[in-house]
Amino acid sequence: MSGESALFWVLAPLAVLASVAMLFMKKAVHSAILLAWVMITLAIFYIALEAPFLGIVQIVVYTGAVMMLFLFILMLVGVDSSDSLVEKIKGIRSVAIFTALAFSLTLITFIARAELGRPSVGLEEANSGGNVEGLAQYLFSDYVWAFEVISALLITAALGAMVLAHSEKSDVARTSQKSRSIARFRGKSIATAAGLPGSGVYARNNALDLPALLPDGKPSDLSIAEVLHRRGDVAESKSYELEGLPKIDDEGNK
Amino acid sequence: MNPTNYLYLSAILFSIGAVGVIVRKNAIVVFMCIELMLNAANLAFVTFAKINGNLEGQVMAFFTMVVAACEVVVGLAIIVTIFRSRRSASVDDASLLNR
């Protein structure tokens with residue numbers, strides 16, 4: 001077994017496995033990481049196929065720039081925007097899988113039965129003056145027009161993205177200190193008009209996730225930021241609470 | 001090794017990408033599947049370049065990469081715009097013409 005075929009038979013199943021797993025990942029971030037792995041595998045294949053320039057470009061452009069962009073947009077749109085698994089069109093999943101299986105089997109059969117009429121030529125001769133030099137020869141002679149058009153396409157895409165993603169102004173009204181102060185006093189209750197209580201400061205602990213203790217020794221939920229409550233990151237305050245104090249209910253009665 | 005093995009791999013990856021485009025609902029994942037299909041086509045181009053002993057296949061793959069980069073930039077900008085107005089990146093939610 002030659003080095004190249006060993007490389008292929010190790011990496012190709014991994015690439016197929018990763019791309020299949022990509023379809024089943026519920027979180028888009030996991031799909032992105034698996035796709036990055038498939039792209040790195042393809043870059044290795046390009047280098048094995050005597051295309052070192054494309055292999056490097058694949059890593060720089062795809063795993064570097066494109067996947068970076070994907071992850072960036074994922075963070076912007078919300079990491080936990082996971083898929084709904086409800087089929088909007090009935091049976092589309094099984095139809096899609098069946099069609100894709102049939103399509104790939106057809107392609108594979110065609111490739112297997114295709115008579116190329118000669119063994120693989122290999123790129124030793126074409127790459128004799130260097131792979132990059134050979135590509136440049138084509139790009140700047142036969143394909144110079146396509147090359148120029150593609151530069152125009154890149155500029156158009158950049159401008160289009162700027163126009164599309166540009167937003168004039170955030171539609172959430174900015175609140176000023178004055179309006180927030182007025183809202184505190186005009187609200188339902190003026191219990192918190194002087195501001196919410198700070199988090200707990202104890203002799204042995206002083207952190208944002210420790211609740212402050214009320215006069216009767218109960219922890220105060222208001223002293224912890226809302227986001228910590230939602231994440232369930234509030235620390236245990238049991239060891240700081242005092243025993244034997246008369247309990248006071250929310251109206252202040254003993 | 002016979003380079004046609006790479007063509008088989010390319011066909012399989014292309015089909016997997018096609019299934020993903022149809023089955024997944026998250027627009028970003030659909031986009032990633034399109035990227036997978038483009039990459040599979042690129043692998044076929046590079047393999048054909050080796051089979052024919054000609055660098056033109058690699059030139060085509062190079063052009064495909066540039067077009068894919070443009071497509072990703074514009075497509076993600078569209079997704080961000082849709083997300084801004086509809087608060088969702090699901091392809092099923094953008095169905096105004098359906099109602």
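The values are calculated or read from the model by the stated rules, or taken from the named source; none is laboratory data. As the structure is a computational prediction, the values presented were derived from the model and not from experiment. Note that each Cβ is placed from the backbone with ideal geometry, even for glycine, and that neighbours are counted across all protein chains shown.
Within region A:1-83, considering only helices (runs of 4 or more DSSP H) that don't extend past its boundaries, which have at least 3 residues that are within 9 Å of another protein chain (Cβ to nearest Cβ) and of a type outside the set (A, V, I, L, M)? Give the derivation first.
Working: elements: A:3-24, A:28-48, A:52-57, A:67-77.
Counting at least 3 such residues, we get A:3-24, A:28-48.
Six or more apart or on different chains, Cβ under 7 Å: which pairs go from a residue in region A:223-237 that's touching a residue at least 24 places away in the same chain (Cβ under 8 Å) to one that's of a type in the set (S, T, N, Q)? Could you list them?
Correct list of pairs: A:Ser223/A:Ser199; A:Ile224/A:Ser199.
If you go through region A:229-247 one residue at a time, do you hit one that is of a type in the set (S, T, N, Q), at pLDDT below 80 and under 42 Å from the mean Cα position of the chain (by Cα)?
yes
For region A:98-150, what are the residues that are on the phi > 0 side of the Ramachandran plot and surrounded by 14 or more Cβ atoms within 10 Å (Cβ to Cβ)?
Answer for region A:98-150, where residues must be on the phi > 0 side of the Ramachandran plot and surrounded by 14 or more Cβ atoms within 10 Å (Cβ to Cβ): just A:Gly122.
I need the full set of residues from region A:130-142 which are within 19 Å of A:Tyr46 (Cβ to Cβ) and assigned to a loop (DSSP other than H, G, I, E, B), in order please.
Within region A:130-142, A:Gly130 is the sole residue that qualifies.
Looking at B:Thr47, B:Thr81 in this structure, which one is surrounded by fewer than 20 Cβ atoms within 10 Å (Cβ to Cβ), touching a Ser or Thr at 6+ places or on another chain (Cβ under 9 Å) and either part of a helix (DSSP H, G or I) or more than 7 Å from every other protein chain (Cβ to nearest Cβ) (or both)?
After applying the criteria, what remains is B:Thr81.
So the check is Cβ under 6 Å with 6+ separation or different chains; which pairs have a first residue in region B:83-94 that's over 22 Å from A:Lys90 (Cα atoms) and a second one that's surrounded by 15 or more Cβ atoms within 10 Å (Cβ to Cβ) and among the β-branched types (Val, Ile, Thr)?
Hits for this filter: B:Phe83/A:Val77.
Which residues, counting only those in region A:175-191, are of a type outside the set (Lys, Arg) and either in contact with a Leu (Cβ under 7 Å, 6 or more places away or on another chain) or assigned to a helix (DSSP H, G or I) (or both)?
A:Gln177, A:Ser179, A:Ser181, A:Ile182, A:Ala183, A:Phe185
Within region B:60-99, work out how many residues are at pLDDT below 90 and of a type in the set (Gly, Ala, Ser).
6
Go through the residues of region A:151-161 one by one and say whether even a single one is under 34 Å from the mean Cα position of the chain (by Cα), among the β-branched types (Val, Ile, Thr) and within 30 Å of A:Ala51 (Cα to Cα). Working first, answer last.
Just the residues of region A:151-161 that are under 34 Å from the mean Cα position of the chain (by Cα), to begin with: A:151-161.
Narrowing the set further to residues that are among the β-branched types (Val, Ile, Thr) leaves A:155-156.
Keeping just the survivors that are within 30 Å of A:Ala51 (Cα to Cα) gives A:155-156.
There is at least one residue in region A:151-161 that is under 34 Å from the mean Cα position of the chain (by Cα), among the β-branched types (Val, Ile, Thr) and within 30 Å of A:Ala51 (Cα to Cα).
Residues in region B:1-34 that are closer than 25 Å to A:Glu50 by Cα, part of a helix (DSSP H, G or I) and either more than 7 Å from chain A (Cβ to nearest Cβ) or among the hydrophobic types (A, V, I, L, M, F, W, C) (or both): how many?
7
Being of a type outside the set (Val, Ile, Thr) and surrounded by fewer than 21 Cβ atoms within 10 Å (Cβ to Cβ) narrows it down to one of B:Ala61, B:Ala27, B:Ala41, so name that one.
Step by step, each of B:Ala61, B:Ala27, B:Ala41 is checked, and only B:Ala41 is of a type outside the set (Val, Ile, Thr) and surrounded by fewer than 21 Cβ atoms within 10 Å (Cβ to Cβ).
Six or more apart or on different chains, Cβ under 7 Å: which pairs go from a residue in region A:123-141 that's facing another protein chain (nearest Cβ under 7 Å) and in contact (Cβ under 8 Å) with a residue 12 or more places away in the chain to one that's assigned to a helix (DSSP H, G or I) and aromatic (Phe, Trp, Tyr)? Could you list them?
If the second residue must be assigned to a helix (DSSP H, G or I) and aromatic (Phe, Trp, Tyr), the pairs left are A:Leu135/A:Phe53; A:Leu135/B:Phe62.
Given (1) touching a residue at least 12 places away in the same chain (Cβ under 8 Å); (2) under 21 Å from A:Phe53 (Cα atoms); (3) of a type in the set (Asp, Glu), identify the lone condition not met by B:Glu56.
For B:Glu56, the exception is condition (1).
Quick one: count up the residues across region B:63-78 that are under 13 Å from A:Ala158 (Cβ atoms) and more than 7 Å from chain A (Cβ to nearest Cβ).
Taking region B:63-78 first, the residues under 13 Å from A:Ala158 (Cβ atoms) are B:66, B:69-74, B:76-77.
In the following step, the residues that additionally are more than 7 Å from chain A (Cβ to nearest Cβ) were identified as B:71.
Of the residues in region B:63-78, 1 are under 13 Å from A:Ala158 (Cβ atoms) and more than 7 Å from chain A (Cβ to nearest Cβ).
If I go through region A:151-174 residue by residue, how many of them are loosely packed, with under 12 Cβ neighbours inside 10 Å and of a type in the set (Gly, Ala, Ser)?
The qualifying residues number 5.
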